[in-house]
Amino acid sequence: MNVRRPSGSGSIAGVKRTDAAHADVATGDSRLTEPRIHALVLLAGILTLGLGIASWVATGGPRTLGDLLVVLDFTVGGTLLTTGSLVGRARAAEGRRNAQLAVLAEAAHRMSTGVEPHGVALAVVEEIRRVIPYHNARVYLLEDEDLSPVAYEGRFGAYEHVDVEILRTRVGQGFTGWVAQHGTPLKIDDTRRDPRGMTIPGTDDVDESMLVVPMRHDERLLGVITVSKLGPHAFDGDDLRLLLILADQAATAFAGAASLAETRRLAEELRQLLDMSSALSRSLDPKDVAQLMAEHLARAVGGERAQISDWDPVGNRLRTLGCYPREYRAAIDDFYPLAQFPLTARVLDEGVIATVDAEDPEADPAEASELRREGMRGLIMLPLVAKGAAIGVVEVTSSGRPTDDPGKITLARTMAHEAAMALENARTYEAARNLADRDPLTGFFNHRYLHERLSEEVVRAVRTRRPLAVMMLDLDDFKLVNDTFGHLYGDRLLVYVAETIRASLRASDVAARYGGDEFALILPETTVPDAAVVAERILATFRDRPFTADGRTPLPVGTSIGIAGHPADGRTATELIAAADAGLYAAKAEGGSRVRVGLLGQPSSEVESAPRPHAFSGRRRTGAERAAVVGGGRSGGV
């Protein structure tokens, strides 16, 4: 494909061969001068030698010493001139070859030091100029069926201002595309007479010559080098051979740059994997693990947000474990049903990777609607697979179209597989820890965990200067229930009591079975008056809803409750439990089914109350109505 100057920026259609000759001088082409000098000397030597021989023949041989000397002068002079010319030409040719070899060696070294394609291509066009004078040169790289110019240099007049974008072509189009298709070099003496060329729309035809050669490495075409010069027959066979050598060197350099880029990419991927593995190894908390997973996977695929969820096949729902960025977590619901999102269900059932572009008319409607509502466009979903089974899903979203880079997708899949094992280990540990920390009958935490957690909450209350309350509950006359109706009936009553208490708690509250029929509650960021309100509500629920089971008469549930607050009633976990226990015994001493506060057993009615922060819930991922539910009082739950 011969280059024409766009007519909108000045025509070069009127450039003639004389212009090309002047351009040769302007570019310092000395290759035409030396051969002419040697040719003139050779011609002079031949003429001189011919005169000497002609004189010898014409005179019938020299008759005098002077005639002999003249003939000898012509003969020897002609011979010397002829020999000198031939030797000069040989030496000049050897010098040019040596210079060309030196240039080729330097060019190979320079191109081999390029670390990215543009740098290598720029070195190619500059090094070609040192051995082949041209008016423009360009380097194309093959991308599927497209040939994209990565470097261009114009050396004369209008060639200096060609828009590189108009040089783009495809395999099979023009001289460049023909060479890419057939892999055969071309030397075109007159581009206007060769039917394989094509005219770029908006450009003018000019008389020019071209050299077009393929760049191959390991039998694979990498691109094409094109060199052109004004005027026909501007290149010879030596130029084509030199350009082929440079093309081979360039192909090696491009392949090296590509290998270096691939090595760096693999090294970066390995670093990301190692960083994630190192981070995941520091925690066995599923939520902490998921939080780290979300951050690393979002960065790996260039996403702006990421969400990690584990799968509850029985409930056909996903539980949100972590997200990136962290502040996004407040806008995501803890659970969401899979029935509303069939594509997510397919990712889990079939273990496939799915991408969604909200602007694609054929995109999954549910996912596309969710993306648009969040102000996002792209979504990539990857299954978390451990031991051959899906345990959750990764969702990475972006404001742009989802990535289709195979390298990034492969990296994300590898990271997701690695992370899934870490998440499964964390879930297994959590399950084992729950068995050790929880009461199997009520599902509440046990006595040991209560003391550990309360100590942590005391430290946090001191650091944040926020209130903390502890509540102790004991069923009235529970021994009589066991003795009368049996222990199985008593166990059912304990489960009912636990469910009633749980319904009155926030997600941040901690409930524990302290022992037998005694329960303990940790209420972070709760004042004693607020805790008293909660206690009165629990008592009201028991009064209004007697326990019924086995068709027996409804059984009223009596409960004595003691409350203690930090730091007024105690500064340590042991002191707070002792103070709450003292309030409980004060309540029992007064007949039970009442609330008493602190070591003095103060009635709860004498303590002013204020609403506690409410735990809110919402739909999947986001919910504007969440912001409105702040400080609205504690959920009664009964």
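Taking amide H positions as placed 1.01 Å from N in the peptide plane, with prolines and chain starts having none, which residues 5 or more places from residue 223, or on another chain, fall under 5 Å of its amide H?
The answer is 142, 215.
Please list 430, 145 in order of solvent-accessible area, largest first, computed with a 1.4 Å probe with all protein chains present.
Details: 430 65, 145 95 Å².
The most accessible residue leads, giving 145, 430.
So the label point goes 7 Å from the Cα of residue 362 along Cα→C-beta, right? Which residues of segment 137-151 then have their backbone N under 20 Å from it?
Backbone N within reach: none found.
Once the Cβ-Cβ distance between residue 241 and residue 312 is put in as r, and R0 is 51 Å, what FRET efficiency do you end up with, to the nearest 0.05? If you can, show how the numbers build up before the last one.
Details: r = 71 Å, r/R0 = 1.40.
Efficiency computed from Cβ-Cβ geometry: 0.10.
Once you sort the root eigenvalues of the Cα gyration tensor of segment 235-331 as a ≥ b ≥ c, which label holds: rounded (a/c under 1.5), prolate (a/b larger than b/c) or oblate (the other case)? Spell out each step's value before the answer.
Working: a/c = 4.52, a/b = 3.47, b/c = 1.30.
Prolate shape, in that a/c is at least 1.5 and a/b is the bigger ratio.
Would you work out if segment 326-384 is rounded, prolate or oblate? Take a ≥ b ≥ c from the square roots of the eigenvalues of the alpha-carbon gyration tensor; rounded if a/c is under 1.5, else prolate when a/b is larger than b/c, oblate otherwise. Provide the component values of the computation, followed by the final result.
Working: a/c = 1.63, a/b = 1.09, b/c = 1.49.
In terms of gyration-tensor shape, oblate.
On full extension of the chain, what length is gained from residue 585 through residue 571, given 0.36 nm per residue of separation minus the C-alpha to C-alpha distance?
On the way: separation 14, 0.36 × 14 = 5.04 nm, distance 2.06 nm.
Gain in length upon complete extension: 3.0 nm.
Under the rule of at least 5 residues apart or a separate chain, name every residue whose amide H is placed under 5 Å from the amide H of residue 306.
Answer set, sorted by chain and number: 324, 397.
Quick one: 3J(HN,Hα) in Hz for segment 250-259, Karplus 6.51/-1.76/1.60 with θ = phi - 60°, rounded, Gly and Pro as x.
5, 4, 4, 5, 4, 4, x, 4, 5, 5
Using the Karplus equation 6.51 cos²θ - 1.76 cosθ + 1.60 (θ = phi - 60°), what ³J(HN,Hα) coupling, rounded to whole Hz, does each residue of segment 465-478 give in order, writing x for Gly and Pro?
Once rounded to whole Hz, the list reads 6, 10, x, 8, 10, 10, 10, 10, 10, 9, 6, 7, 6, 5.
Given contacts defined as C-alpha pairs under 8 Å and at least six residues apart, what's the relative contact order of segment 294-339, whole-number percent? Numbers along the way, then the final one.
Working: 67 pairs, mean separation 15.4, N = 46.
Taking the mean separation of contacting Cα pairs over the length of segment 294-339, I get 34 percent.
Mind checking which lysines have their Cα closer than 22 Å to the Cα of residue 408? Skip sequence neighbours fewer than 8 apart in that chain.
none
In whole Hz and in residue order, list the ³J(HN,Hα) couplings for segment 574-586 that follow from phi through the Karplus curve 6.51 cos²θ - 1.76 cosθ + 1.60, θ = phi - 60°; x for Gly and Pro.
5, 5, 5, 5, 5, 5, 5, 5, 5, x, 4, 5, 5
Calculate, in nm to one decimal, what residue 418 and residue 405 gain on full extension: separation in residues at 0.36 nm each, minus their alpha carbon distance. Intermediate results must be reported in sequence, preceding the final value.
Details: separation 13, 0.36 × 13 = 4.68 nm, distance 2.02 nm.
Additional length available on full extension: 2.7 nm.
What FRET efficiency would be calculated for the residue pair residue 455, residue 326, taking the C-beta separation as r and a Förster radius of 25 Å, to the nearest 0.05? Numbers along the way, then the final one.
Values: r = 26 Å, r/R0 = 1.04.
Here the calculated transfer efficiency is 0.45.
Under the classification rounded if a/c is under 1.5, otherwise prolate if a/b is larger than b/c and oblate if not, where does segment 315-438 fall, given a ≥ b ≥ c as square roots of the Cα gyration tensor eigenvalues? Numbers along the way, then the final one.
Working: a/c = 1.86, a/b = 1.52, b/c = 1.22.
Judged from the Cα gyration tensor, segment 315-438 comes out prolate (a/c at least 1.5, a/b above b/c).
Determine one quarter of the surface area of the Cα convex hull of segment 183-274, which equals its mean projected area, and express it in nm² to one decimal. Don't skip to the end; give the middle numbers.
Values: hull surface 33.6 nm².
So the Cα hull casts an average projection of 8.4 nm².
Provide the per residue accessible area, probe 1.4 Å, for segment 289-363, rounded to a whole number of square angstrom.
It amounts to 46 Å² per residue over segment 289-363.
Where does each of 496, 585, 429 land when they are ordered by accessible area, with a 1.4 Å probe and the largest first? Write out the running numbers ahead of the final one.
Numbers: 496 30, 585 135, 429 100 Å².
Result, largest first: 585, 429, 496.
For segment 427-512, what does the relative contact order come out to in percent, with C-alpha contacts under 8 Å and a separation of six or more? The partial results should precede the final answer.
Details: 36 pairs, mean separation 33.7, N = 86.
The value is 39 percent.
Per q in 0.13 1/Å, what log10 I(q)/I(0) does a Debye calculation on the alpha-carbon atoms of segment 398-551 return?
Values returned for q = 0.13 Å⁻¹ are -0.75.
I need to check one value: relative contact order of segment 338-450, counting alpha carbon pairs closer than 8 Å and at least 6 residues apart, in percent.
Numbers: 148 pairs, mean separation 21.3, N = 113.
Across segment 338-450, relative contact order equals 19 percent.
Could you calculate the contour length gain from residue 285 to residue 480, that is, 0.36 nm times the residue separation minus the distance between their Cα atoms, to one decimal place in nm? The partial results should precede the final answer.
Numbers: separation 195, 0.36 × 195 = 70.20 nm, distance 4.22 nm.
Taking 0.36 nm per residue and subtracting the Cα distance, the gain is 66.0 nm.
For segment 227-287 and segment 400-447, write down the distance between their C-alpha centroids in whole Å.
So the separation of the two Cα centres works out to 37 Å.
Which percent of the accessible area of segment 290-375 is formed by carbon and sulfur heavy atoms (probe 1.4 angstrom)? Before the final figure, lay out each step's value.
On the way: 1910 of 4030 Å².
Summing carbon and sulfur atoms, their accessible area is 47 percent of the total for segment 290-375.
If the only charges are +1 at each Lys and Arg Cβ and -1 at each Asp and Glu Cβ, what is the size of the charge dipole of segment 404-542 around the Cα centre, to the nearest 20 debye? Show your work: numbers first, answer last.
Numbers: 17 positive and 22 negative charges, 84 e Å.
Magnitude of the dipole: close to 400 debye.
Using amide H atoms built in the peptide plane, which far-off residues or other-chain residues are under 5 Å from residue 555 H to H?
547, 548
Tell me, what is the FRET efficiency for residue 216 and residue 265 to the nearest 0.05, using R0 = 30 angstrom and their Cβ-Cβ distance as r? Don't skip to the end; give the middle numbers.
On the way: r = 24 Å, r/R0 = 0.79.
For R0 = 30 Å, the calculated efficiency reads 0.80.
Which order do 499, 452 take when ranked by solvent-accessible area (1.4 Å probe, heavy atoms of all protein chains), largest first? Kindly include the intermediate steps, with their values, before the conclusion.
Details: 499 105, 452 75 Å².
Output order, biggest surface exposure first: 499, 452.
Could you work out how far apart the two model spin labels at residue 148 and residue 389 are, taking each label as a point 7 Å from the Cα in the direction of the beta carbon, and quote it in nm?
Those two pseudo-labels are separated by 4.6 nm.
The values are calculated or read from the model by the stated rules, or taken from the named source; none is laboratory data. In this text, all values refer to a predicted model and were calculated from it rather than measured experimentally. When we count neighbours, we look across all protein chains shown, and the Cβ atoms used for this are built from the backbone with ideal geometry, even at glycine. Just the protein is used for accessible areas: all its heavy atoms, side chains included, with ligands, DNA and RNA removed. Shrake-Rupley method; radii C 1.70, N 1.55, O 1.52, S 1.80 Å.
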